[in-house]
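The values are calculated or read from the model by the stated rules, or taken from the named source; none is laboratory data. All of these numbers come straight from a predicted model, not from anything done at the bench. Every residue, glycine among them, receives a Cβ derived from its backbone with ideal geometry; neighbour counts consider all protein chains shown. Note: accessible area is taken over every heavy atom of the protein model, side chains too, but ligands, DNA and RNA are not part of it. Shrake-Rupley method; radii C 1.70, N 1.55, O 1.52, S 1.80 Å.
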Amino acid sequence: MGALGLQLYRLGPAATRPCSPGAASTAFGPSLTWKPERVQPPRELPSDPIRPNYVLGPNDQILIRAPQAEEINDKPFRIDSEGLINLPILGRVRAGGSTVQELEAELVKRLREYIREPQVIITMIQFRSEPVFFVGMFKAPGIYPLQGRRTLVEMLSSIGGLQPNASRHIKLTRRAEYGPIPLSSAIQDSDKKISTVEIGMGSLRDNVNPAEDIILAPYDVISVERAELLYVTGETGRISGIEFGERDSVSMLQALTLSGGFTRDANRNKVRVLRPILNTNRRAEIDIDVRSILDGKANDFPLLPNDVLYVTRSYKRAVWTTLGQIALPILPYIVLLGLR
């Protein structure tokens, strides 16, 4: 590297950080003019858990933070067409095909030849193509390049879909600069300048050409949470939480079977479902006559995620059970007294 190149790197972050030509000439002094490569403004990324999974490629631009290595600390570097970056001290390092985390580990390994305990953090500044973000309970969450017109189903298939314990509803968030989400159920947030929508996996799976299979836009964030459980409590054989798996609902009889059925004191004429009321902390009470379902006089009742199935106690049955428990041990003595 020439003397001018070494001088540029020794000037510190202000000299090599993307800036306007005017700012550059101020940093280098009036005798030097420097026209930096045009760099798009940094985009705000999702939280760090998915950042290390991004696979680097040509034309990606990264910012390296290595406080102990002044020559590369807090400076941007672009990956060339061969997948390499040219770093002071370290020379040409292969970055293409590696994840951010793998490149961090490689730079730490190389810097150990010069520094005792190097620390390296890499941040994405510019992507080679506009990305989309898959966050949460996907089989392969991460940042993926959006190449061409890709639909939601196509991208879900390419990353392997959902984990077994993922929710059956996914959330899509889109920046206002890329237009509103073209679904009637989408919600616009003018303050945050985004639109959001919840999409059921059942609709995407069961319909041949579902309207929810929309074309993704740059910087869309697709997120999914862990599936909510169905909670069974009260007079059942086992108080439990039931996972839905691939199902959108669980029937009343299925839930009772999985929780061990009724106890002796259960009120089979009145089982209560406590269902969350949207946008509140309250629950609606729904009374179900299970005996009518068992007798074939009523349809089985579908239970939804986060429902609470509460089997009430029959106090009449409990009283007779208690009396029987008291009377049974002394019954022989009563009979013997009667015979005398």
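Observations on the model:
- In region 257-271, the condition of being touching a Gly at 6+ places or on another chain (Cβ under 8 Å) and either among the charged types (D, E, K, R) or within 27 Å of residue 138 (Cα to Cα) (or both) is met by no residue.
- Test: residue in region 48-59 that is at pLDDT below 50 and open to solvent by 30 Å² or more (accessible area, probe 1.4 Å): yes
- Any hit, region 212-221, residues being open to solvent by less than 20 Å² (accessible area, probe 1.4 Å), in a helix (DSSP H, G or I), modelled with pLDDT of 90 or more and not hydroxyl-bearing (Ser, Thr, Tyr): no
- Selected residue (criterion: surrounded by the most Cβ atoms within 10 Å (Cβ to Cβ)) from residues of region 94-126 that are closer than 13 Å to residue 64 by Cα and without any contact (Cβ under 8 Å) to a residue 40 or more places away in the chain: 95
- If you filter region 60-80 down to residues that are under 10 Å from residue 125 (Cα atoms) and out of contact with any helix residue (DSSP H, G or I) (no Cβ under 8 Å at 6 or more places or on another chain), you find that the one that is most open to solvent (accessible area, probe 1.4 Å) is 78.
- Any hit, region 274-284, residues being of a type in the set (A, V, I, L, M, F, W, C), surrounded by fewer than 18 Cβ atoms within 10 Å (Cβ to Cβ) and under 25 Å from the mean Cα position of the chain (by Cα): yes
- Condition check for residue 306: at pLDDT 85 or above and surrounded by fewer than 16 Cβ atoms within 10 Å (Cβ to Cβ): yes
- If you go through region 147-166 and keep only what is open to solvent by 20 Å² or more (accessible area, probe 1.4 Å), under 19 Å from residue 99 (Cα atoms) and touching a strand residue (DSSP E or B) at 6+ places or on another chain (Cβ under 8 Å), you end up with 158, 160.
- Listed conditions (1) at pLDDT below 90; (2) open to solvent by less than 40 Å² (accessible area, probe 1.4 Å); (3) assigned to a strand (DSSP E or B) are all met by residue 269, apart from (2).
- All positions within region 174-202 that are open to solvent by less than 30 Å² (accessible area, probe 1.4 Å) and under 19 Å from residue 227 (Cα atoms): 197, 199, 200, 202
- Region 155-199, residues that are part of a strand (DSSP E or B), more than 22 Å from residue 210 (Cα to Cα) and among the basic types (Lys, Arg): 175
- Annotation: of all residues in region 251-260 being under 15 Å from residue 288 (Cα atoms) and not polar (S, T, N, Q), the one that is most open to solvent (accessible area, probe 1.4 Å) is 253.
- Looking only at residues of region 236-262 that are among the hydroxyl-bearing types (Ser, Thr, Tyr) and not in a loop (DSSP other than H, G, I, E, B), we find that the one that is nearest to residue 205 (Cα to Cα) is 251.
- Residue match in region 182-198 (condition: within 17 Å of residue 54 (Cβ to Cβ) and either of a type in the set (Ser, Thr, Tyr) or without any contact (Cβ under 8 Å) to a residue 60 or more places away in the chain (or both)): no
- Of the residues 312, 263, 322, the single one that is over 29 Å from residue 161 (Cβ atoms) and at pLDDT below 75 is 322.
- Qualifying residue in region 105-118 (condition: under 27 Å from the mean Cα position of the chain (by Cα) and part of a strand (DSSP E or B)): no
- Among (1) in contact with a helix residue (DSSP H, G or I) (Cβ under 9 Å, 6 or more places away or on another chain); (2) loosely packed, with under 13 Cβ neighbours inside 10 Å; (3) assigned to a strand (DSSP E or B); (4) not basic (Lys, Arg), the one test that residue 299 misses: (3)
- Consider region 146-177 and keep the residues that are at pLDDT 85 or above and of a type in the set (D, E, K, R). The one that is farthest from the chain's Cα centre (by Cα) is 177.
- Residue 230 surrounded by 16 or more Cβ atoms within 10 Å (Cβ to Cβ) and under 27 Å from residue 124 (Cα atoms): no
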